[in-house]
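Step one of this worksheet: look at the structure below.
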Amino acid sequence: MGGKNLLMVGAGLSGAVIGRHLAELGHKVTVIDARDHIGGNCHTERDGDTGVMVHVYGPHIFHTDDEEVWEYVNRFERFMPYKNRVKTTVGGHVYSLPINLHTINQFYGRAMRPDEAKAFIEEQADTSIDDPQTFEEQALRFVGPDLYEAFFKGYTQKQWGCSPTELPASILKRLPVRFNYDDNYFAHRFQGMPENGYTAMIGRILDHEGIRVELGRKVTRAEAAAYDHVFYSGPLDGWFDYELGRLGYRTLDFERFTHDGDYQGTAVMNYGEVGVPYTRITEHKHFSPWESHEGSVLYREFSRECGPDDIPYYPIRLVDEKEMLSAYVDRAKTERGVSFVGRLGTYRYLDMDVTIREALDAARAWARAEELGETPPVFFVAPL
C-alpha cells in the first residue's frame, strides 16, 4: 500500500503529533499554519535582551499521569523538574493556592490541625445546598462564603466575564481544598518543563523527512480537497466559514513589561479582587528555575470576550454555545476526507497531555481504518 498524501491544518501539538506518527508509517505529510511559527499557543522563544524563555501566549506547565505521553515528550525534549506553586494577593496579603491548610490557617489567623480545619470548614460550608448547579453554589457548599469571596468569586468573574451564578458547577469540578500543607498546584505523577521550550520540542516532532511545514498562510477548502485526508485543528466553526455563527471563546490580552531583578519571587501571582483589572501576573524566568537571569520578563493577563480577530483561548460552552456546537457537529458529520482534532477542532478545553494522548489515539485510529479500508471518523473524540 502506497503512502497517502495528508494535510495537517495547524502546527500545534495535535498537527505535529498526528503528522509525526503518520509520517513514520510512510505517509507524506504537509503541515500548514496561519501563524509564522510552529507550536500554536504553546510557542516559546528566548527574549533577546534578558535571555529569559518566554511563554509567548501565556504559561504552559506540563503535568500528566499518562506514562506513554510523558515518555513521548521526553523523546523529543528533556523535561526538567518543575512544580507549579501559585500565589494569590487578596486584601493586601499573599496566600498560596490551591486552598490548603496554610491558606486556611493564615486567612483565619488560626493554627488548626487537619482534622480541626476539616470540621471548621464544614461549619462554614452551606450544607443546605444538596446538589450544586452553579459555580457559586459549588464553592459555597464546599468552602463557605468567606473563602469563596476571597479566592473564587472575583477571579472567576474576571476570567469568564460573567457572574459565577451563571456558570455551571462542573467548572469547579473537584473539592478545591487540601487539609495539608501541599501547595503543589497539580497532583499528577509527572510534572515538568521542556529544557529548551515547547517550540524546540515541537520542532523536533516535526523534524522528519516525510513532513513538510509551511507557515504564515491559511488553507482554503479547495486546497484541502486535493489531499487524501485532512486533519483540521483550527476552529470548528471556521472550517464552515462561520455560516451558523461564531462559537464563543474567552481570549487573553497580555501587557508585557520587564524588570531588573526579581519582581514577584514566584512564577504566578493571582489577583482575586474585581478592582484589579488583570487576573494574574506571570514572571517567566521562574518557569525555568534551572536557569539564572538578572533581568525579568512579565505579563499582566487580562481576560475578555474573543472577537473575530482575536486568538481563541477558552471555549465558553454554555447553553447557547452548546446548541450552536451541536449544529456544527451535525454539519461536520456530513463531511468526507476530514477529521476535526484538538482543542479548537472539538471546541473543548484540553490540557497539553490530553491533546497529545488524543492525537496519538487519532493517528492510530486513522491508520487502522486505512488498513481495513474503512472510513475514518470525522471526530475521534465526540465534542458533546
Starting from 0.36 nm per residue, how many nanometres of slack lie between Asp253 and Ala367 once their C-alpha separation is accounted for?
37.1 nm
Find the lysine pairs in the chain meeting two conditions, Cα atoms under 20 Å apart and a separation of 8 or more places or different chains, and report how many there are.
11
The answer for Val90, listing residues at least 5 apart or on another chain whose modeled amide H is closer than 5 Å to its amide H, is Tyr95
Protection proxy (average C-beta count within 10 Å per residue), highest first, orders 141-150, 63-72 as 141-150, 63-72
With 0.36 nm assigned to each residue of separation and the Cα-Cα distance removed, Ser326 to Arg85 gains 83.0 nm
What list of ³J(HN,Hα) values in whole Hz, one per residue of the range 88-96 in order, does the Karplus curve 6.51 cos²θ - 1.76 cosθ + 1.60 (θ = phi - 60°) give from phi, with Gly and Pro shown as x?
9, 9, 9, x, x, 10, 9, 10, 9
Quick calc, Arg174 & Thr266: beta-carbon distance into FRET formula, R0 22 Å, rounding 0.05, result 0.45
Ellipsoid equivalent to the range 86-172 - semi-axes via the Cα gyration tensor, in Å
22, 17, 9
Want the number for Glu149 to Arg35: 0.36 nm per residue separation, take away the alpha-carbon distance, what's left?
37.0 nm
Note, ³J(HN,Hα) from phi for the range 357-366, Karplus 6.51, -1.76, 1.60, rounded to Hz, x at Gly and Pro:
4, 5, 5, 4, 5, 5, 4, 5, 5, 5
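Each value in this text was obtained by applying a stated rule to the coordinates, not by laboratory testing. Small disclaimer: the values here were computed from a predicted structure and weren't measured. So basically every Cβ, Gly included, is an ideal-geometry build from the backbone, and we count neighbours across all protein chains shown.
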